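What follows is a short report on a single structure.
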Amino acid sequence: MSETKTLSLQLLHTPLHALHLARGARMVPFAGYEMPVQYADGIIAEHNHTRAAVGLFDVSHMGQAFLVGADHATAARALEALVPADILGLAPGRQRYTQLLDEEGGILDDLMVTRPSDPDEDGVLMLVVNAARKEDDFAHLAARLPGNLRLLRADHRALLAVQGPKAVQVVSRHCPEAAAMGFMSAVTTRFDGIDCHISRSGYTGEDGYEISCKATRVRAIAERLLGEPEVKPIGLGARDSLRLEAGLCLYGHDIDASTSPVEAALAWSIQKRRREEGGFPGAARIRRELAEGPARLRVGIKPEGRAPAREGTEIRAADGTAIGRVTSGGFGPTVEGPVAMGYVAREHSAPGTPVVLVVRGKELAAQVVPLPFVPHRYAR
Amino acid sequence: MAKRYTKDHEWIEVDGDVAVVGISDYAQSQLGDVVYVELPEVGKTVSKGAEAAVVESVKAASEVYAPAGGEVVGVNEALGGAPATVNEDAEGKGWFLKLKLANAAELDDLMSPDQYKEFVASLA
């Protein structure tokens, strides 16, 4: 058995660190934070609980910020210079997924952008970015935003994800407004009297919510939620297996500066007006890829046997030619077998295409399959 | 003969001229849910400390090293369909492979159950 012992020096803590320890979490370093990878029940039980009931995830390590301009159009136009999504067309109380792009159209990070529901907050956009990228992202934004825009980091805020088919019942008990929300909508509201922003979104493929509140109040919200019979705390291990089955990208693995949104099969997140007008970094390349098809594409890959194919696994065509690599791979508890995603040359990207995975020197049969592995169950 | 343990958390138990090899209960608890075990071919010869098998949890793959050298004379086929047996009974039904030992003296530097227990306590 090989093992790695990791020092936990200088790791940051979220406001729920003590709660994780009290709940029996195994803590690991992640993006500079000490985070729960699993609790006593283990990753498979946590994964299955989230698909059957409700999982509570501490995602307070993620980067939150407010972009503030004179009005929505001012803030939206400034952000649109850096991302390919239609932000101008975002209605109050609506959220969109997009990517910060470099000049070549490579992905610097992926993020959620929310226009607050409250008219008093006109001109504000709420951003949630990846923990490992937040310092770079905020520096990137600060350096490129015009002088009439302010970027306010919200490091004093915490973030919870409440995910699973019973999330609507659970969250509505504390915030009745949550029941009527549609997928990718957001409200400025109260949870048991505590001020918060709630969006109906997540990273598991299940229905659910993300709750942003002041760090000083997050423990109260987390404990109320954990007091509900349907809710269990879920660690990063199950968060990863849930998002992989849902076909969702993990930054630094499935997407990075070497991949464009079109290659990453994220073209759905580039709305019509932006495709037509351009005006975002890398627009020439991205519009060309949209028109002609990218050279390679992110696809789902289903190994035929039981052996998981991990990140970095070489993908070969049936004739033995190397055609790409696995970018995320592991065991899918809901699928009850190995699942993977990776990039393959476009001519091999059609679902049903047989491919070969090279795992520990052995060739294993696999197939290109449509994503997600587990159907999304969002509240439409 | 009682089990002997390695610092890499394998166990080996000699029964006549054949030794049974697996991973310790502590190892399975650290790995978490085991989802796949790759076992060697029967007839393969392994030397002490060489990779003999691979155990995969949801998160990662880990090598299992041979506690002593010898010929693989049996593998636990039941793990193919039920890898979670390693979590349920790591030092019993969750065994990995059987070795015909090349040199029984290679077990001399391994830990006794009490020594291993102390070793694990020192890791906490």
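The values are calculated or read from the model by the stated rules, or taken from the named source; none is laboratory data. Every value quoted in this text rests on a predicted model; they were computed, and no experiment measured them. Using ideal geometry, Cβ is built from the backbone for each residue, glycine included, and neighbour counts are taken over all protein chains shown. These accessible areas exclude ligands, DNA and RNA; they are computed on the full protein's heavy atoms, side chains included. Shrake-Rupley method; radii C 1.70, N 1.55, O 1.52, S 1.80 Å.
Side notes on the structure shown:
- The condition (being surrounded by fewer than 21 Cβ atoms within 10 Å (Cβ to Cβ), touching a strand residue (DSSP E or B) at 6+ places or on another chain (Cβ under 9 Å) and of a type outside the set (S, T, N, Q)) is satisfied by just one residue among B:93, B:98: B:98.
- Identity of the residue in region A:44-71, within 14 Å of chain B (Cβ to nearest Cβ) and open to solvent by less than 10 Å² (accessible area, probe 1.4 Å), that ends up farthest from residue A:228 (Cα to Cα): A:47
- The one condition from (1) assigned to a strand (DSSP E or B); (2) farther than 30 Å from residue A:243 by Cα that residue B:114 does not meet is (1).
- For region A:147-188, a residue qualifies if it is open to solvent by less than 20 Å² (accessible area, probe 1.4 Å) and assigned to a strand (DSSP E or B), and the qualifying residues are A:158, A:159, A:160, A:161, A:162, A:163, A:185, A:186.
- Breaking point among (1) open to solvent by 10 Å² or more (accessible area, probe 1.4 Å); (2) within 16 Å of residue A:274 (Cβ to Cβ), for residue A:102: (2)
- Among the conditions (1) crowded, with 20+ Cβ neighbours inside 10 Å; (2) part of a loop (DSSP other than H, G, I, E, B), residue A:279 misses just one, which is (1).
- Meets criteria (without any contact (Cβ under 8 Å) to a residue 24 or more places away in the chain and more than 19 Å from residue A:63 (Cβ to Cβ)) for residue A:195: yes
- Region B:41-58, residues that are closer than 14 Å to residue A:307 by Cα and either out of contact with any helix residue (DSSP H, G or I) (no Cβ under 6 Å at 6 or more places or on another chain) or more than 12 Å from every other protein chain (Cβ to nearest Cβ) (or both): B:53, B:54, B:55, B:56
- Those strands (runs of 3 or more DSSP E) lying entirely in region A:193-241 with at least 3 residues among the aromatic types (Phe, Trp, Tyr), open to solvent by 10 Å² or more (accessible area, probe 1.4 Å) and touching a helix residue (DSSP H, G or I) at 6+ places or on another chain (Cβ under 7 Å): none
- Answer residue from region B:59-73, given it is open to solvent by 10 Å² or more (accessible area, probe 1.4 Å) and away from chain A (no Cβ under 14 Å) and is nearest to residue A:43 (Cα to Cα) among those: B:73
- Yes/no for residue B:88 being within 14 Å of another protein chain (Cβ to nearest Cβ), touching a residue at least 24 places away in the same chain (Cβ under 8 Å) and among the charged types (D, E, K, R): no
- Filter result (surrounded by 13 or more Cβ atoms within 10 Å (Cβ to Cβ), of a type outside the set (Ser, Thr, Tyr) and under 22 Å from residue A:76 (Cα atoms)) within region A:263-272: A:266, A:267, A:270, A:271
- For residue B:35, the test of being in contact (Cβ under 8 Å) with a residue 24 or more places away in the chain, open to solvent by 40 Å² or more (accessible area, probe 1.4 Å) and assigned to a strand (DSSP E or B) is failed.
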